[in-house]
Amino acid sequence: MRNFVKITESASLSAAARALATSLPVVSRGLAELERGLGVRLFTRTTRSLALTDEGETYRQHCLRILADIDNAESALAQRRVTPKGRVTVSAPLLFGRLRVAPLLPAFLARYPDVSVDLLLVDRVVNLIDEGIDVAVRIAPLADSTLIARRLGQVRRVVCASPAYLKHYGTPRKPADLRAHNCLLNVGSNAGDWRFQAGAKEARLRVSGNFVSNSSDALIEVACQGVGLVRVLSYQVEAMLAAKQLVEVLGKFAVTATPINAVMSPGRMTLPKVRGLVDYLAQSLDAKRKSPK
């Protein structure tokens, strides 16, 4: 295929032979064998010119794509032998980035001293191309897209309240009990819709309360002060649960855990600096998840 493409670029067998550093008979014989194998004539030849046939042009287009794929595959393998270096821009949700991603970066930077990291912590979906993001950490099921995703782990949603609140108002034993409780809600049209596992299906329960906020930190702080029950991601209240400031309830009704993914534009994963960071995050977050409490 490479010889055939070189012939098309050179416009003559003699010029192709010189470009390929071989003899004219070798190039002519190779072309004849190719045409015989394909069962079509690729060129129309005269003593002065060499022109592609329609079949030859179709074959040339396929050859160019195939050879480009081969070059990309070989380049990707070669990149794996290259030491990571350069600047990597990473985005992550604000609290998850602060609690889970940022603490891992010093060890990563020590391992790869030629790499520098820009960490952008925002509670919105960033546009990787427009904002120059190499890797975005996202906590949500991923919609179909052209982006490349690497699974980093998963996180549960938990319902919890302070020991003082539960002592005063009682502990809910099933999701329906929440209708009699004060539930602290996130801002949004579906703020009062809390999902739970009901056998093999998920069920939605409409709850209400006297405090609404767009800040999970604010909701958690109010819950710690005994105002009501809050439903958040488990990592957001891990420290409060460990310190017994909050107590998880209705754990057996929790819905399927939400995936955590590293998302990249096509081609970014082949860069050693990006692949190195994503591999490190996946290994480190998995090790933390498996470590004894």
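Using the alpha-carbon centroid of each, what span in Å lies between segment 240-280 and segment 55-129?
18
Place the peptides 114-123, 32-41 in order of packing, highest mean first, counting for every residue the other Cβ atoms within 10 Å and averaging per peptide.
114-123, 32-41
Could you put Ile260, Ile139, Ile70 in order, starting from the residue whose Cβ has the fewest other Cβ atoms within 10 Å?
Details: Ile260 25, Ile139 17, Ile70 12.
Ascending number of Cβ neighbours within 10 Å: Ile70, Ile139, Ile260.
Rounded to the nearest 500, what is the 222 nm mean residue ellipticity of the chain from helices alone, with -39500 (n - 2.57) per DSSP H run of 4+ residues and division by all residues?
-11000 deg cm²/dmol
Roughly how big is segment 1-120's charge dipole about its Cα centre, with Cβ charges of +1 (Lys, Arg) and -1 (Asp, Glu), in debye to the nearest 20? Display every interim value, and only then the final one.
Details: 17 positive and 11 negative charges, 65 e Å.
Roughly 320 debye, rounded to the nearest 20.
From largest to smallest, what semi-axes in whole angstrom does the chain give when each is the square root of 5 times an eigenvalue of its alpha carbon gyration tensor?
61, 22, 15
Please list the non-local residues whose amide H lies under 5 Å from the amide H of Ser91, H modeled 1.01 Å from N, same-chain partners needing a gap of 5 or more.
For Ser91, the qualifying residues are Leu120, Val135, Ala136, Val137.
Could you give the dipole magnitude of the chain about its Cα centre, charging the beta-carbon of Lys and Arg +1 and that of Asp and Glu -1, in debye to the nearest 20?
Details: 41 positive and 25 negative charges, 173 e Å.
The dipole of the chain has a size of about 840 debye.
Within 10 Å of each candidate Cβ there may be at most 16 other Cβ atoms; applying that plus a DSSP loop requirement, which trypsin sites (Lys or Arg not before Pro) in segment 218-291 survive?
Lys244
Within 10 Å, count the other beta carbons around each residue, average over each peptide in 8-14, 160-166, 215-221, and list them highest first.
Highest-to-lowest ranking by the protection proxy: 160-166, 215-221, 8-14.
Amide H to amide H, which residues 5 or more places from Gly209 or on other chains are under 5 Å from it, using H placed in the peptide plane?
Placed amide hydrogens put Cys183 under 5 Å from Gly209.
Per residue of segment 112-128, in order, report the coupling 6.51 cos²θ - 1.76 cosθ + 1.60 (Karplus, θ = phi - 60°) as ³J(HN,Hα) in whole Hz, putting x for Gly and Pro.
Along segment 112-128, the couplings run 10, x, 8, 10, 10, 10, 9, 10, 10, 9, 9, 8, 8, 7, 7, 8, 4 Hz.
From the residues Ala19, Gly199, Ile220, which one has its Cα farthest along the dipole of the chain in the positive direction, the dipole being from +1 and -1 charges on Cβ of Lys/Arg and Asp/Glu about the Cα centre?
Gly199
Restricting to lysines 8 or more places apart or on different chains, can you count the pairs in the chain with Cα atoms under 24 Å from each other?
Lysine pairs meeting both conditions in the chain amount to 15.
Count neighbours as other Cβ atoms within 10 Å of each site's Cβ, and list the trypsin sites (Lys or Arg not before Pro) in segment 96-204 that are DSSP loop with at most 12 such neighbours. List each step's numbers first, then the result.
On the way: sites: Arg98, Arg100, Arg111, Arg124, Arg138, Arg150, Arg151, Arg156, Arg157, Lys167, Arg173, Arg179, Arg195, Lys201, Arg204; in loops: Arg124, Arg156, Arg173.
Filter output for segment 96-204: Arg124, Arg173.
Each reported figure results from applying straightforward, stated rules to the coordinates on display, with no laboratory input. Bear in mind the structure is a predicted one, so any value in this text is a computation, not a measurement. No Cβ is skipped: glycine too gets one built from the backbone with ideal geometry, and neighbour counts run over all protein chains shown.
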